[in-house]
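This report concerns only the one structure given below.
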Amino acid sequence: MNRQLLRGSSCAGAAILVAVATANQANSAVLFNFDYSQNANGVGFLDPLLGTERQNALQDAADAWGTQFDHNATITLSVTSSSNPQSNTLASAGSQIIGFSNNTFAGFGSGDVIRRKVLSDGNEDLNGSSNDGILNFNWGQNWDLSSNPNDVNSSEFDFYSVVFHELNHALGFSSFIAEDGTDPFDNPNIANVWSKFDQFIVDINGNPVIDPNTGLLNQAIWDAGSTGGASPGAGLFFNGPNALAANSGSSVGMGLGLYTPTTFNEGSSVGHLDDENPLYEDLLMSALVGTGASARALSPIEKGIFQDLGYRFVSDSTNNPTSVPTPSLLGGLIAFGLKLSRKRIKQAGG
Ligand SMILES: [Zn+2]
């Protein structure tokens, strides 16, 4: 399996804008712009016959998804297409990631470009005018583009569901931990860069995978948990307080089971809910999806995860958002990175 981790050139001189977040406006939403300039000519979203319909469906789905968030920001994603019927990857997406030259751990989520842009209502843009993240779709599969889930038949993949899933990765539902336990930069001159999501990953005994003070990964806990197998008996768990509160009705005490198959799958393992646990396998943020109409909304526990990441929802008129302090920007920018999380195809009978 290829490591779909792209490292950009270093950039020490980019300006960092930090401003006080403005008050929420009446019609909050996250808006998504899509840049197709990196998409191969004639393929997928730029197919001469079907491209416009595909772009329109993507924009319509993204517009709908963004309205549930009580934040005001515009996110630009660089969109590409592949066309590979043999691949078991349907789509992938991720936020740009910033690494810092200072060797002091800057805190979980300090390099999350999109999450920080949204939570600051657009005031923090860590990578300036560059696109904020990336999105890829594999058009070698049989998609149904309808906004109506009743139109998705049993041999088709639900495009809207997968768009929602991938946008969630870009917004921060993503682990930055590679199979070997390294961070996206794996560079001794850059302090470890972990996502906000990574802050809440624990083993079955509640031990954090990453030390919250030093940012150092506990290799033994990671190695045992990341390929531990099915929850609730093994593997790794998400223990954010909002997610746990939403999960209280289930029998799972430690936290939400994360996808930790015994063979590590880069881009899928750990950064999804556990497909191997019947409680989670059909939820939007599980790693695998089958054909037919699929989840098109956040379950309460997935909503709890987003609240743990700092997000507010417009439906929560009395919400009590987790305080999201702005991490101090130690040192200068040194590198851009990107880590993609994927939605894979559910195998027949699996
Ligand atoms: Zn995914």
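Rolled with a 1.4 Å probe across the full set of protein chains, the surface gives ASP151 an accessible area near 80 Å². Normalised per residue, the accessible area of segment 12-345 is 38 Å², obtained with a 1.4 Å probe and no contribution from ligands, DNA or RNA.
If you count the DSSP beta bridges with both ends in segment 12-345, what percent of them are antiparallel, to the nearest 5? Display every interim value, and only then the final one.
Numbers: 23 of 42 bridges.
Among the beta bridges of segment 12-345, antiparallel pairing accounts for roughly 55 percent.
Taking amide H as placed 1.01 Å from N in the peptide plane, ILE75 has its amide H under 5 Å from the amide H of LEU31, PHE32, ASN33, each at least 5 places away in sequence or on another chain.
For segment 12-345, with all protein chains in place and a probe radius of 1.4 Å, 49% of the accessible heavy-atom surface sits on carbon or sulfur. One quarter of the surface of the convex hull around the alpha-carbon atoms of segment 12-345 equals 16.5 nm², the direction-averaged projected area.
Quick one: length gained pulling SER87 to ALA64 fully straight, 0.36 nm per residue minus the C-alpha distance?
On the way: separation 23, 0.36 × 23 = 8.28 nm, distance 2.85 nm.
Answer, rounded to one decimal: 5.4 nm.
Measuring nothing but how far apart in sequence close Cα pairs (under 8 Å, 6+ apart) lie, relative to its length, segment 12-345 scores a relative contact order of 22 percent. Spin-label pair THR214-THR74: with each label point 7 Å from Cα along the Cα-Cβ axis, the two points sit 4.5 nm from one another.
Residues of segment 272-296 with the amide nitrogen closer than 19 Å to a label point 7 Å from the Cα of SER154, along Cα-to-Cβ, please. Residues passing the 19 Å test: 282, 289-295.
The values are calculated or read from the model by the stated rules, or taken from the named source; none is laboratory data. What you see is a predicted model, and the numbers here were worked out from it, not measured in a lab. No Cβ is skipped: glycine too gets one built from the backbone with ideal geometry, and neighbour counts run over all protein chains shown. Protein only, heavy atoms only, side chains kept; ligands, DNA and RNA dropped before computing areas. Shrake-Rupley method; radii C 1.70, N 1.55, O 1.52, S 1.80 Å.
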